Amino acid sequence: MAKVPGYDTSRARREAAEAAAAEIKLAEMTGQFLLKDDVDSAVFQAARALRDGLLNCARRIAADVAPLRTAEECEEVIEREHRILLESMAHTFNERLDVQLEEHAG
């Protein structure tokens, strides 16, 4: 049979749990924690937009790339398009979660 904890032990556990809950609530209110549902929704939205952008990328830039003569010129157009998509994704996270993604120079 399981041993029933004493009053002092139970009270200490309850107070520790309440303190932990208060710390989590404070961190949430000060923006240190994000709600899982909010993160899931923002990630889904950003991933869907990125997927759609990449799937439509070839159609959007075909006319820009067709007259180009060198691989370097083509690379510039493709890189520009990818950068726009990545910036859009970063904007989505900032807007939905108030999270700044680091920009890395390419």
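The values are calculated or read from the model by the stated rules, or taken from the named source; none is laboratory data. On a predicted model such as this, the values are computed, not experimentally measured, just so you know. Note that each Cβ is placed from the backbone with ideal geometry, even for glycine, and that neighbours are counted across all protein chains shown. Areas reflect the complete protein model, heavy atoms only, side chains present, ligands, DNA and RNA absent. Shrake-Rupley method; radii C 1.70, N 1.55, O 1.52, S 1.80 Å.
Which angle from 0 to 90°, rounded to the nearest 10, does the C-alpha axis of helix 7-29 make with the longest principal axis of the chain?
30 degrees
Taking the Cα centre of the chain as origin and charging only Cβ (+1 Lys, Arg; -1 Asp, Glu), how large is the dipole, in debye to the nearest 20?
In total the dipole reaches around 640 debye.
Summing Lys, Arg as +1 and Asp, Glu as -1, what charge do residues with Cβ under 14 Å from the Cβ of residue 33 carry, residue 33 excluded?
Working: positive: 25, 36; negative: 23, 28, 37, 38, 98.
Computed value for this residue: -3.
Could you compute how fast the chain diffuses translationally, taking Rh as the Kirkwood radius over C-alpha pairs and applying Stokes-Einstein at 37 °C with viscosity 0.692 mPa s? Give it in µm² per second.
180 µm²/s
What percentage of the solvent-accessible surface of the chain, computed with a 1.4 Å probe over protein heavy atoms, is contributed by carbon and sulfur atoms? Walk me through the intermediate numbers first.
On the way: 4990 of 8850 Å².
Of all accessible area on the chain, carbon and sulfur atoms account for 56 percent.
Could you work out the helix-only [θ] at 222 nm for the chain, with each DSSP H run of four or more residues adding -39,500 (n - 2.57) and the total divided by the number of residues, to the nearest 500 deg cm²/dmol?
Calculated mean residue ellipticity at 222 nm is -27000 deg cm²/dmol.
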